[in-house]
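Engineer: Below you will find the structure I want to go over with you.
A short reminder: the numbers here are calculations on the coordinates, not readings from a lab. As the structure is a computational prediction, the values presented were derived from the model and not from experiment. Here the Cβ positions follow ideal geometry from the backbone for every residue, glycine too, while neighbour counts run over all protein chains shown.
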Amino acid sequence: MDESTLMRIAKAIADPTRFAILKAIASREEISCGQLAELFPIAQATVSHHLNVLMNAGLVEMRKQGQHHYFRLQRKAVRLFGEWLLRSLAAEAPDTQATSAHVSRENIPSEGG
């Protein structure tokens, strides 16, 4: 994953509404744009805009079925971004090895919850 992709992801998740949409997608196997619009007090066109930003960042993928568009989380992209972020922050820490070990053992939730 190159740095421009990583920055695009960071920018995509910096928006609170977009991050909430991403969390809603992550909590399901997949979800339609219409279902997402029902969850948020914004227009479906606005939801579509946020979904496009998330897709361009590589965080979600879309599947089209008839007139409906279904979205699912790209878990590998999220994992790679998280790993990059931890490495980047640990590299700035005074004791990189101790910080990295502490973060990896205690602060990262397991994938199951």
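Engineer: Set the Förster distance to 41 Å, then compute FRET efficiency between E30 and A93 from the Cβ-Cβ distance, nearest 0.05.
Structural biologist: The formula returns an efficiency of 0.60 here.
Engineer: At what distance in nm do the modelled label points of D15 and K64 sit from each other, each positioned 7 Å from its Cα along Cα→Cβ?
Structural biologist: 2.2 nm
Engineer: What are the GluC sites (Glu not before Pro) within segment 1-30 that DSSP puts in a loop, where the Cβ has at most 10 other Cβ atoms within 10 Å?
Structural biologist: Passing sites in segment 1-30 are E29.
Engineer: Additional query: Using the Cα gyration tensor of segment 3-75, with a ≥ b ≥ c the square roots of its eigenvalues, what is the shape: rounded (a/c below 1.5), prolate (a/b larger than b/c) or oblate (neither)?
Structural biologist: In terms of gyration-tensor shape, prolate.
Engineer: Return S88, S4 ranked ascending by Cβ neighbour count within 10 Å, so the fewest neighbours appear first.
Structural biologist: Placing the least packed residue first, the sequence is S4, S88.
Engineer: When L73, L86 are ordered from fewest to most other Cβ atoms inside 10 Å of their Cβ, what list results?
Structural biologist: L86, L73
Engineer: Here is a follow-up. What does the charge count around K64 come to, taking other residues whose C-beta lies under 13 Å from its C-beta (Lys +1, Arg +1, Asp -1, Glu -1)?
Structural biologist: Here the count lands on 0.
Engineer: Just order 32-42, 54-64 by mean Cβ neighbour count inside 10 Å, highest at the front, would you?
Structural biologist: For the peptides 32-42, 54-64, the packing ranking is 54-64, 32-42.
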